[in-house]
Every structure is written in C-alpha cells, then in structure tokens.
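These notes concern the structure reproduced below.
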Amino acid sequence: MGSIEQYETASGRRYRVRYRRPDHRQGAKRGFRTKREAERYLISVESQMQTGDFIDPAGSRVTVGELAPDWLDVKRMKLKPSSYKLLDDAWRVYVEPRWGSVPLGAVTHSDVQKWITQVSAGTARTVRRYHARTAEVARRPKSATVVIRVYGVLAAVLDVAVRDRRIARNPARGVDLPRKSKKRHVYLSHDEVDRLARAAGPAHATIVYAAAYTGLRWGELSALRVRDLDLDRRRLAVNENAVRVGSELHVGSPKTHELRSVGYPNFLAEALGELAAGKEPRALLFGEGDEYMQRPRSSGTSRSWFMRALANAGLPRMTVHDLRHTAASLAIASGANVKAVQRMLGHASAAMTLDVYADLFDDDVDAVSAALDQARTTSIVSKPRPLAHSGAD
C-alpha cells in the first residue's frame with residue numbers, strides 16, 4: 001500500500017507519493033499541487049501494478065546508450081562475425097551519435113522519422129573518429145538496405161526497453177522506411193561460364209567452374225579441404241566457411257549453420273582430383289597449405305584476376321557471388337526442382353529459394369497457364385454435346 005505525504009517548497013505546499021514497486025524497491029513521485037492529484041496518481045499506480053502494466057518512471061530515464069551494449073553482446077553471441085560487424089557498425093556510426101545519450105522516455109516517433117530521413121539522405125550526424133574516407137561514405141545517400149539495418153538496431157534496443165517495462169511502447173515502430181528493391185541477378189550461360197573459366201587461366205579456372213556449377217559461396221569454396229572431396233560419389237562436403245571481416249579471417253560453420261553435401265558435374269572430377277593430388281587430407285583444396293584464397297575484389301577500380309577475366313571474356317561486370325546465382329539458374333534450367341536447388345545452395349527453406357529466384361520461374365507461370373488451357377480443352381472435348389433443340393414439342 002502506498003502513502004502520501006506533504007512537504008513545503010518556496011512555491012508553497014506540495015505532495016509526494018511513495019509506493020512499493022513490483023521488485024519490492026521503493027518508488028516515489030513528487031510535485032503534486034493538491035492531495036487529490038496525488039491520490040489519483042497513487043490509485044493509478046496501484047491499478048497498473050495489479051494488471052502488470054506498471055511502468056516505473058525511473059526506468060525511462062535510462063539512456064539508449066546504456067541499454068544497447070547488452071543487446072549487442074547477445075547479438076555477438078548468436079551471429080557470425082560478419083553479420084555482427086554490420087550491426088556493430090550501424091550502432092557506432094549512425095545510432096549511437098544520435099540516440100546514445102537520449103533517455104528512453106524522450107525518444108519520440110516524429111524524431112525517429114526525421115532521423116531516418118536524414119540517414120537516407122546522408123545528412124545524419126555520424127562519429128568523427130573515423131578516417132576521412134569512411135566519413136565521406138557515411139555522408140552519401142544510403143541504400144534502403146543500410147537504412148533498414150540502421151533503423152532495425154534502434155528499434156530492437158527499444159523493443160528491449162518495452163520488454164523490461166521501461167517504456168510502454170516502442171516509438172520507433174511504425175515509421176515510414178524506404179522500399180527495398182531487389183538487385184537484378186546476373187546469370188551466365190554454359191558457354192559464358194566456359195569463356196570466363198578459360199579467361200581466368202589455369203590457376204583459377206577450376207574454382208570458376210566449381211562456383212558456377214555447385215552454387216557454393218566463396219567462403220565455403222575457399223574453406224574446402226581435401227578430405228571434403230569425395231571423388232567416388234562426386235560430392236563436396238560443406239563443413240566450414242571462411243569469411244574475412246576487416247583484416248581478420250574468421251573460419252566457422254556455413255552461413256545457415258547447416259552442414260551439407262553438394263554434388264558436382266562429372267566434367268569437374270578430373271580437375272578437382274588434380275587439385276587434391278599429393279595434399280594432406282586437412283590441406284585446403286583451393287589454395288596452398290593453410291593459405292586461404294582471398295575473395296577477388298569487384299569494385300570499379302579493381303584489377304583482380306576475376307575482373308580481368310570478365311573483361312577478357314567480354315562479359316558484363318559482376319561479382320564472384322553472381323556465379324552462385326548462375327548455378328541456381330543452370331540447375332533450374334536443367335529441370336532441378338526447388339527442393340534440390342535449396343539443398344544445393346544451403347538456403348534455410350525452399351520458400352527462401354523461391355523468393356530469391358522468383359524470376360527464374362517465370363517460364364513455369366506460362367507452363368501452368370498452358371497446362372490449364374490444355375486440361376480444360378481436353379475436358380470439354382471429351383464430354384458429349386447436348387442435342388440441339390429442334391423446336392418440336
């Protein structure tokens with residue numbers, strides 16, 4: 001049960017409400033001009049505690065920056081280093097400079113909306129300790145992907161505040177976000193893959209073919225070891241993934257944490273066998289000893305072996321990851337079903353495969369329409385036609 005007490009101030013008599021919070025610690029609110037106001041507040045507090053809706057005003061005075069580290073620690077524990085770095089950068093570069101010192105209770109929906117607009121335009125306040133190149137990039141207009149990620153960090157931290165009963169609702173939820181458009185995939189034909197492999201030269205031809213016909217991510221390809229190659233069954237066991245985060249190389253489980261076995265075409269058997277010949281089982285299949293192959297750069301000014309091969313083969317600019325898209329395209333064109341393609345690519349579900357490669361199934365839409373038309377025609381033709389009405393009684 002709470003209590004009400006009066007006290008004197010330079011402005012006159014005031015009332016203070018004391019109450020016991022759900023965690024049994026004492027809470028208080030002062031400054032009421034009349035005892036009736038204090039009584040109404042106490043009744044409201046006691047009612048909220050009975051229904052579980054009580055929000056301690058002291059909790060909302062905690063800043064966003066005080067709550068974020070614990071949330072980031074949980075994400076570090078659950079996510080792969082490359083995924084975590086994206087969230088950490090979003091927090092440090094964009095979210096912390098604007099919201100780190102703001103109390104939870106002072107975050108408003110309209111302020112979040114204004115900030116999202118600034119991030120999109122590249123005018124949001126960012127950290128100053130980054131070098132000039134990073135600061136310049138941060139000032140450029142941002143893609144929908146970056147804006148949504150940055151917003152997601154703030155919204156997730158505020159979700160924690162709601163669950164902790166520090167604030168009643170999340171003011172970031174419901175703001176307008178930029179629409180995320182899908183990047184058009186680049187698909188190579190069998191002939192174009194062959195041209196690219198030849199242009200890449202003997203040192204890289206096999207990895208080009210492997211990427212384009214197995215769909216493995218670069219990190220999965222570069223982490224393959226000799227023991228992962230099964231020449232008899234023509235299979236590659238995907239057990240590891242090597243991803244460079246900044247200057248550090250992190251080797252762990254595949255992206256979805258699911259180990260899988262991927263088949264490869266027979267024409268690759270000889271080349272893969274030559275790569276494995278004379279190497280220890282634990283040695284890397286692509287690369288020398290324990291030296292992982294570096295992912296070839298594909299920026300506008302890059303002169304990596306991959307970009308030179310594209311130019312020499314007369315092919316459009318693309319990334320090495322686009323060879324994974326090519327693998328999906330060639331597999332579907334050959335008649336592979338969605339479930340088989342999902343397993344090959346290591347997607348979490350067939351629905352994800354359908355979503356990512358919806359454009360590859362456009363022909364299926366036409367085929368379904370044609371099949372329905374044929375079924376209807378066959379059904380109608382097979383039915384006896386009613387006799388024409390002669391007009392006689």
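The values are calculated or read from the model by the stated rules, or taken from the named source; none is laboratory data. Quick caveat, the model's predicted, so the values are computed rather than measured. Using ideal geometry, Cβ is built from the backbone for each residue, glycine included, and neighbour counts are taken over all protein chains shown. Remember, those area values only see protein heavy atoms, side chains included, never the ligands or the DNA or RNA. Shrake-Rupley method; radii C 1.70, N 1.55, O 1.52, S 1.80 Å.
Quick look at the values:
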quantity	calculated
All positions within the stretch 333-346 that are part of a loop (DSSP other than H, G, I, E, B) and open to solvent by 20 Å² or more (accessible area, probe 1.4 Å)	Ser334, Gly335, Ala336, Asn337
Given (1) over 24 Å from Gly314 (Cβ atoms); (2) touching a Leu at 6+ places or on another chain (Cβ under 9 Å); (3) at pLDDT below 95, index of the condition Trp218 fails	(1)
Criterion (farther than 27 Å from Arg225 by Cα, assigned to a helix (DSSP H, G or I) and in contact with a Ser or Thr (Cβ under 9 Å, 6 or more places away or on another chain)) met by exactly one of Leu330, Leu360	Leu360
Residue under evaluation Val127, criteria (1) closer than 25 Å to His24 by Cα; (2) β-branched (Val, Ile, Thr); (3) surrounded by 13 or more Cβ atoms within 10 Å (Cβ to Cβ); (4) modelled with pLDDT under 85, criterion not met	(1)
Ala135, sole failed condition from (1) crowded, with 16+ Cβ neighbours inside 10 Å; (2) hydrophobic (A, V, I, L, M, F, W, C); (3) at pLDDT below 90	(1)
Helices (runs of 4 or more DSSP H) lying entirely in the stretch 1-98 (those with 3 or more residues that are open to solvent by 50 Å² or more (accessible area, probe 1.4 Å) and in contact with a helix residue (DSSP H, G or I) (Cβ under 6 Å, 6 or more places away or on another chain))	none
Counted residues, the stretch 237-273 - those being touching a residue at least 12 places away in the same chain (Cβ under 8 Å) and assigned to a loop (DSSP other than H, G, I, E, B)	11
Matching residues, the stretch 278-298, being of a type in the set (Gly, Ala, Ser) and open to solvent by less than 60 Å² (accessible area, probe 1.4 Å)	Ala283, Gly287, Gly289, Ser298
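Residues checked against (1) open to solvent by 50 Å² or more (accessible area, probe 1.4 Å); (2) basic (Lys, Arg); (3) touching a residue at least 12 places away in the same chain (Cβ under 8 Å):
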site: Val150; (1), (2), (3): no, no, yes
site: Val160; (1), (2), (3): no, no, yes
site: Arg163; (1), (2), (3): yes, yes, no
site: Arg166; (1), (2), (3): yes, yes, yes
site: Asp176; (1), (2), (3): yes, no, yes
site: Leu188; (1), (2), (3): no, no, yes
site: Ala212; (1), (2), (3): no, no, yes
site: Leu216; (1), (2), (3): no, no, yes
site: Leu229; (1), (2), (3): no, no, yes
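The rows are residues; the columns are (1) closer than 30 Å to Leu310 by Cβ; (2) acidic (Asp, Glu); (3) part of a loop (DSSP other than H, G, I, E, B).
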residue	(1), (2), (3)
Pro141	yes, no, yes
Thr145	yes, no, no
Asp159	no, yes, no
Ile167	no, no, yes
Lys182	yes, no, yes
Arg198	yes, no, no
